[in-house]
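Here's the structure, in structure tokens; my notes come after.
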Amino acid sequence: MSALASTPPPPPGPDLSRLRIDRDAPPPALRRALARNLGLAAGALIVLAGVFSVVRRGGAVPVQVVTATATTAGGRGAACATSVTANGYVIARTRAAVSAKLPGRLADLRVSEGSFVRRGEVIARLENTDYRAQVQAASAAQSTARATLMETEADRDELARQARPPRSILASFVAESALIAAAGGVIGGLMALPINGIVTSTTNWASFSEIAFAFRVSPLLLLAGLIFAVAMGVVGGFFPAWRAARLPVVQAMR
């Protein structure tokens, strides 16, 4: 009896009927790009949330809480009144920014937070050392300018006197002497008025006669005296003026 050699069965082949193309699933490159974008968006949201929390914490207004205690006031024959206890905080309705027109260092601050101020009240003072130095420098410059102006005016007057012709110098000197003489004549006439009308006499013992003298000051006599005084002033001042007109200006002024 011959035994038949047993051969193993052939392996099963791949089942191609189960292969399918999933058209709804995105490709791998698109999935990677989508995951990267989602990660970036989540990181940006975390950073924005941190910044917002820091800003909100720094700008928050400090809250001051005051607790009120309920009290009961009353007595015999009086109704009792009960107050209400509540917690709250006060926020300023408006804020005023105070600043100086000139820059500088603050030397004195007379108010603080919560102080009550009135209109026109000084709340702060700046250091004025630099401004005082500038004022003193300006005052010194002004004094120097005034001295320079006075010196310039003196030089101008000197040049004007040097530029005058000899005739004008002669005329000015003669006019000055005539004016002084006229003033002397007027003063002499006024001094002669108190003796107007005085009568005096003397006795001649040889003939036993009396001679009387009467002083009379008439307007014509006063006018003649004034004219004579002016004439004497002109004559007396002409020769010194003529001599001064011929001299140099500096030597004549000496």
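The values are calculated or read from the model by the stated rules, or taken from the named source; none is laboratory data. What you are looking at is a predicted structure, and each value in this text was computed from that prediction instead of being measured. Glycine gets a Cβ as well: all are built from the backbone with ideal geometry, and neighbour counts include every protein chain shown.
So, in the range 114-134, of the ones that are within 23 Å of residue 99 (Cα to Cα), assigned to a helix (DSSP H, G or I) and of a type outside the set (Lys, Arg), which residue ends up modelled with the highest pLDDT? Restricting to residues being within 23 Å of residue 99 (Cα to Cα), assigned to a helix (DSSP H, G or I) and of a type outside the set (Lys, Arg), the top hit is 134.
The set of residues from the range 140-174 being more than 23 Å from residue 235 (Cα to Cα), among the small types (Gly, Ala, Ser) and at pLDDT below 80 comprises 160, 163. Just one residue in the set 214, 224 is exposed (fewer than 14 other Cβ atoms within 10 Å of the Cβ), closer than 27 Å to residue 189 by Cβ and at pLDDT below 80; that residue is 214.
Residues that are polar (S, T, N, Q) and surrounded by 10 or more Cβ atoms within 10 Å (Cβ to Cβ) within the range 101-128 comprise just one, 128. Residues that are surrounded by fewer than 13 Cβ atoms within 10 Å (Cβ to Cβ) and of a type outside the set (Val, Ile, Thr) within the range 184-195 comprise 190, 191, 193, 194, listed in sequence order.
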